[in-house]
Structure formats: structure tokens, C-alpha cells
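A.B. asks: One structure, pasted below without further comment.
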Amino acid sequence: MAIIEQIESVSYKILADQSLLIKTMFYYYGRKKQIVKYYPDPNFDSIIEPFAGSAAYSLHEDNWKKNVILIEKDERVASLWEWLIAKATPEEILRMPDLEIGEKSSEFLHIIHAATKMAFQYRTIKITPVLARNWSISKRYIANNLFKVKHWQIICGDYTEAPDIEATWFIDPPYRKESGKGYRYGSDRLDYKSLAEWALKRKGEIICCEGEYGDYLPFQPLRNSKGVAGKMSKEVIFYKSPIKENQLTLFRFG
Ligand SMILES: C[S@@+](CC[C@H](N)C(=O)[O-])C[C@H]1O[C@@H](n2cnc3c(N)ncnc32)[C@H](O)[C@@H]1O
């Protein structure tokens, strides 16, 4: 095999291997990709993510097979889900071009792959090597995993508009203070006391995520996670489930 062909085949393999590591349909600031495996498994037939983002928990392992309902207030993110659920096909996604470093894009789906929360503020972005690589990996992941979301539902609206049904509620709002800023609807727009009251009234079980300033529920340490640019951040959890045996698994996380 010619050297060029060998290099191409090796880089293709690396890309394919990396795509296996991706666990969300698109890159998203604050996604739970790295730590999703430490949260309790769902005990109910429905999973509701009232702060959807890229919905890492619903895509984790076999969770996607459940009746998944997403709620997302940012219309751009909700529209992306609407398209993935109702319209997009793997062929259409694979036909989307790779991005050239230095060119500009105004597509939200491209912009969120910039690996920075500042991306939420941009209308147009200049393609960096990181963005081009993230997009190329995501595109293949989306095409291969699209079938998992075709039975899901997305509601564009406030978390309080979620249906009042028995479910596993994965509640991952923008975290309090600085780390939850930057989203179009960020921590400065949330009333955390009302969120806590609402969460405690859900039917089924609740898994609530927060960071170091989470104080509106009796959170317990989950673990420290490596965030964007290798920065360590503290993750805490509040888990309330009527299924006693599973509550005991909380000690695994302490
Ligand atoms: C921390 S992110 C969720 C990350 C998600 N778990 C993931 O794996 O990608 C929080 C999300 O909540 C959305 N959001 C903020 N305020 C909201 C509200 N009042 N109702 C619904 N969604 C909201 C933000 O737009 C953002 O997408």
C-alpha cells in the first residue's frame, strides 16, 4: 500500500475510534458525556430531560429505548432536536460537507461544535481546526445513531411545561453562578428555589445535577469532572427514588 493511502487509512481509523467515544448527537457546552455513567440507571418507562441540551443521559447505553421526552427553552437547540427526530436521515447527514478551516458558517449546528460556551453568542463563526474536527466526528456519530431518537419527543419551552407524568426525571439545569452563564437561557434567568419545589413534586424519581454552588436541594458529592480545557469542576447530585434498593447505590458515588 502506498504511504499516502496508509496514512489516510490510519487517520480514518483514528477518527472512527474517536467517534465511538462521543455519546451525544452534537457537541454541547455543559453536556454530561464524561460523567453520565455515574448517574443512577432509570427505573421508569419514561425519561424526561426538562433541560435537554444534547440529552447525554437519554442517549447513555440503552436509555434511548425508553419513552424519552425532552424540554428545551432555547429555540435553536429545540429546532435541532425537531429536525433530528422528525426529518433528518443518515444519508442526508453524511452528505453534509466537512468544514474548511478559515471559512465562515452561520449554521447553529456548526457553531455549537466550537467547544466554547461563547459559541451561544455567535451568529457567524470562523471555522477553527477544533471545530472542523468536532463537526467531522459528530456528523458520523449522528448518522450512525439517528435511529435511537426517532421515537423521542421534544417540547420547545420552559421546564415547567413538561408533562406531569411518572418518569425518571433527569434534571440538569444551567448550574448556579458563573458556570451556568453563557447559554441563551442561563443561570441568571433561573429561580432555583422554584426549580427545587417543582422538582420535589415530580412523579417517579428525580436525578438532579449541580456544581459547587448547588445549595437549593440536599445535594451530595458525585465526583470531580474534567471540563473544557481540562479544568476540574465539582459535580453534586440529589437523587430521590421510591425504589429503595437503588437509593442505596448512591453510596457508590460518595
Ligand atoms: C446544562 S445544559 C443541559 C446539558 C444536557 N444535560 C446535556 O447532556 O447536553 C442546560 C440546558 O437547559 C436549557 N435551559 C435553560 N433554562 C431553561 C428553562 N427554563 N427551561 C428549559 N430549558 C432551559 C439551556 O438552554 C441548556 O440547553
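A.B. asks: What residue, of Tyr28, Tyr39, is in contact with a Gly (Cβ under 6 Å, 6 or more places away or on another chain), at pLDDT 85 or above and within 16 Å of the ligand (Cβ to nearest atom)?
C.D. replies: Details: Tyr39 fails: in contact with a Gly (Cβ under 6 Å, 6 or more places away or on another chain).
On inspection, the qualifying residue turns out to be Tyr28.
A.B. asks: Could I ask something else about it? Residue check: is Ala55 surrounded by fewer than 21 Cβ atoms within 10 Å (Cβ to Cβ), of a type in the set (A, V, I, L, M) and modelled with pLDDT of 95 or more?
C.D. replies: For Ala55, the condition - surrounded by fewer than 21 Cβ atoms within 10 Å (Cβ to Cβ), of a type in the set (A, V, I, L, M) and modelled with pLDDT of 95 or more - is not met.
A.B. asks: Could you count how many residues in segment 42-59 are in a strand (DSSP E or B) and more than 8 Å from the ligand (Cβ to nearest atom)? Break it down into steps so the answer makes sense when it comes.
C.D. replies: To start, the set of residues in segment 42-59 that are in a strand (DSSP E or B) comprises 46-49.
Those still in the list that are more than 8 Å from the ligand (Cβ to nearest atom) too: 46-48.
Residues meeting the conditions: 3.
A.B. asks: Taking the residues in segment 152-178 that are among the polar types (S, T, N, Q) and more than 8 Å from the ligand (Cβ to nearest atom) as candidates, determine which candidate is surrounded by the fewest Cβ atoms within 10 Å (Cβ to Cβ). Reasoning before the result, please.
C.D. replies: Step one: of segment 152-178, the residues among the polar types (S, T, N, Q) are 153, 160, 168.
Retained after the next criterion (residues that are more than 8 Å from the ligand (Cβ to nearest atom)): 153, 168.
On the way: Gln153: 17, Thr168: 26.
If we take residues in segment 152-178 being among the polar types (S, T, N, Q) and more than 8 Å from the ligand (Cβ to nearest atom), then Gln153 is surrounded by the fewest Cβ atoms within 10 Å (Cβ to Cβ).
A.B. asks: Say whether the condition of being touching a helix residue (DSSP H, G or I) at 6+ places or on another chain (Cβ under 7 Å) and of a type in the set (Gly, Ala, Ser) is met by at least one residue in segment 149-161. Even if it seems obvious, please write down each step before you answer.
C.D. replies: Of all residues in segment 149-161, those touching a helix residue (DSSP H, G or I) at 6+ places or on another chain (Cβ under 7 Å) come to 149-150, 152, 154-156, 160.
Those left that are additionally of a type in the set (Gly, Ala, Ser): none.
No, because not a single residue in segment 149-161 is touching a helix residue (DSSP H, G or I) at 6+ places or on another chain (Cβ under 7 Å) and of a type in the set (Gly, Ala, Ser).
A.B. asks: Residue by residue through segment 60-80, note down the ones that are more than 6 Å from the ligand (Cβ to nearest atom) and either under 17 Å from Glu166 (Cβ atoms) or crowded, with 24+ Cβ neighbours inside 10 Å (or both).
C.D. replies: Asn63, Lys66, Asn67, Val68, Ile69, Leu70
A.B. asks: For Tyr122, all conditions in the list (1) under 19 Å from Trp64 (Cα atoms); (2) over 17 Å from the mean Cα position of the chain (by Cα) hold save one; what is the number of the exception?
C.D. replies: Only one criterion in (1) under 19 Å from Trp64 (Cα atoms); (2) over 17 Å from the mean Cα position of the chain (by Cα) is unmet by Tyr122, namely (1).
The values are calculated or read from the model by the stated rules, or taken from the named source; none is laboratory data. A quick note: this is a predicted structure, and the numbers were derived from the prediction, not measured. Quick reminder, even Gly has a Cβ in these numbers, built from the backbone with ideal geometry, and neighbours come from all protein chains shown.
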